[in-house]
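Everything below concerns the one structure shown next.
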Amino acid sequence: MTENARLIDRQLVHRCLAGEPQAERALYDAHVERIYRLMHRMAGDADLAADFTQEAFIRAFERLEQFRGDSSLATWLHTIAVSVALNGMRKVKRIRSRTENIEDTPDLAARPVGFSGDLKLRLYTAIDALSEKLRPVFVMHDVEGYTHEEIAGTLGIPVGTSKARLFDARAKLRLALAAFAGDSIA
Amino acid sequence: MTIDKDDRADGMLIEASRDYNAPAAVPRDAMWARIEAARKSRLAPKRSRWIWPSAAVAAAAVIMAVGVVVGRRWERGSSRAGLAANTTTAPATTATGPESDASGSLSYKLVVQKHLANSEALITSFRSAAKRGEVDAQLRDWSKDMLSTTRMLEASGTSSDPTIKRLLSDLDLVLTQIKLYTARGTNDADDLDLIEESINSRGVMTKLRSTLPARTLPAGT
């Protein structure tokens, strides 16, 4: 993060804390696109993504005076957003797991084989099944294109841990797809 | 598996993951509108709803303390005067006695009225917060303060009015239940029913409203 970017962040936060509505909207506009995209990738649902994004910004505005500028404003906002999303997804999973027995689950093995359709479907199911530690790293890096430095800052982990988690996530996904796609993946 | 193979597989994974939970257009304005509305509802009512009762409780406590001190000094002064007068003329005691009683009783009545008005506000706020499942720490602290004041008024024994005595005793029970409920913070429906039963079976709200002159009722209750 450049010194100039840090200064712009601080000025924006200072204006928000002074109660300038335009500054709050400017902060929102500057970051909402990227945060919403990440929330949608994590939640897989437009309504949930909107809920998580809103909650993240509400919390961010409530805690804005706690922003020290040690990290970029974007990283700070992402940390709040990812925390909101992970907590929200835990609740959603609990609700879904209660109804899973009643609803019919799709029988993936019975579908015709084809890379563009069913392999993707199987891959998405495998990404969904990744652990809470691996999934955000994979989604942020391989799906949304965040750097390991950004991921590390957001999740509060060392860069090396982010890399290790991505390695593990990819290995698990390759394994999950191996039986389905044969040697071309595994 | 070779490094080349891993790289190739990773490339395919990344390529195939690109559409994973792909987002559509960002509902920028709709989300902003909801953020603004949520922030307003979280900030504004909470402050206006709870700050004045806390201030009112503090004010009632101060008034009561002043009332008790003034009452006691008056009582001491008048009994000394009564003793002095007793040595000369007997009727002087009967002249100062009722005056002191009247003053002490007036201070007490004012304090009690303020306390009853605040109790009504607390019970109303508690009912509506419990219905929404929004019983919080401020409500817990408020009920704790109100229970302490109720017990102080009961213990002072200044009131000769049996209606007020009974009402304070009923309030003691209801406020104890509210205090315990808010301290647990579990929103238990059975506990809430018990509180409602206590309020209704004792006619607490009716008694409070009939005891209070209209002007002492707090705004917004």
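The values are calculated or read from the model by the stated rules, or taken from the named source; none is laboratory data. These figures come from a predicted structure and were not determined experimentally. Here the Cβ positions follow ideal geometry from the backbone for every residue, glycine too, while neighbour counts run over all protein chains shown.
Here A:Glu33 passes the criteria (1) farther than 20 Å from A:Val13 by Cβ; (2) within 9 Å of another protein chain (Cβ to nearest Cβ) except the one numbered (1).
Determine if the range A:172-186 includes at least one residue that is modelled with pLDDT of 95 or more and either of a type in the set (Ser, Thr, Tyr) or under 24 Å from A:Leu77 (Cα atoms) (or both). Within the range A:172-186, none of the residues are modelled with pLDDT of 95 or more and either of a type in the set (Ser, Thr, Tyr) or under 24 Å from A:Leu77 (Cα atoms) (or both). Among the candidates B:Glu197, B:Glu154, the residue that is touching a Leu at 6+ places or on another chain (Cβ under 7 Å) and free of Cβ contacts under 8 Å to residues at least 24 places away in the same chain is uniquely B:Glu154.
For the range B:24-40, the criterion of being within 10 Å of another protein chain (Cβ to nearest Cβ), modelled with pLDDT under 90 and either over 27 Å from the mean Cα position of the chain (by Cα) or not in a helix (DSSP H, G or I) (or both) is met by at least one residue.
Within the range A:36-47, if we keep just the residues that are surrounded by fewer than 18 Cβ atoms within 10 Å (Cβ to Cβ) and in a helix (DSSP H, G or I), the residue that is nearest to the other protein chains (Cβ to nearest Cβ) turns out to be A:Ala46. Among the residues of the range A:48-88, just one is part of a loop (DSSP other than H, G, I, E, B) and more than 20 Å from A:Glu3 (Cα to Cα), namely A:Arg63.
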